[in-house]
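For reference, the structure discussed in these notes is given below.
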Amino acid sequence: MRKGEVMIIVTVLVPEGLLAVIDELVRNEIYPNRSDVIRTAIRFFVKEEVKAQIAKVKSNCLERTLEELKETVRMLQNQKP
């Protein structure tokens with residue numbers, strides 16, 4: 001969390017088993033509280049999701065570029081010298 005960052009309360013329903021794991025992380029002093037566990041998990045998820053979306057966009061751009069190059073090659077091959 002950045003200094004001075006505003007925090008908003010969000011209510012989330014969590015399966016009992018998952019909450020037990022979160023509580024175990026707090027009990028073992030890996031995280032100071034449930035909120036920190038959940039914020040860390042959300043940050044990780046968002047980071048990974050953004051990376052996946054960027055990779056998808058790059059892949060789509062490369063596919064489009066490759067198709068455009070193939071079309072250019074076809075056009076050049078069909079031109080009479």
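Read-outs: derived from the displayed coordinates by stated rules, not from any lab. Predicted model, so just to flag it, every value in this text is computed and none were measured. Because the Cβ atoms are built from the backbone with ideal geometry, glycine has one as well, and the counts that use them run over all protein chains shown.
Hey, what D do you get for the chain in µm²/s if you plug the Kirkwood alpha-carbon radius into Stokes-Einstein at 10 °C and 1.306 mPa s? Kindly include the intermediate steps, with their values, before the conclusion.
Values: Rh = 17.3 Å.
Approximately 92 µm²/s, per Stokes-Einstein.
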Using the Cβ atoms and a cut-off under 14 Å, what net charge is assigned to the surroundings of A20, where Lys and Arg are +1 and Asp and Glu are -1?
-1
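What full-extension length gain, to one decimal in nm, is calculated for E29 and R43 as 0.36 nm per residue of separation minus the Cα-Cα distance?
Working: separation 14, 0.36 × 14 = 5.04 nm, distance 1.96 nm.
Residue separation times 0.36 nm, minus the Cα-Cα distance, leaves 3.1 nm.
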Count of lysine pairs, the chain, Cα-Cα under 24 Å, sep. 8 or more residues or interchain, comes to 6
Nearest 500 deg cm²/dmol is fine: what mean residue ellipticity at 222 nm does the chain get from its DSSP H runs of n ≥ 4 alone, each adding -39,500 (n - 2.57), divided by its residue count?
-25500 deg cm²/dmol
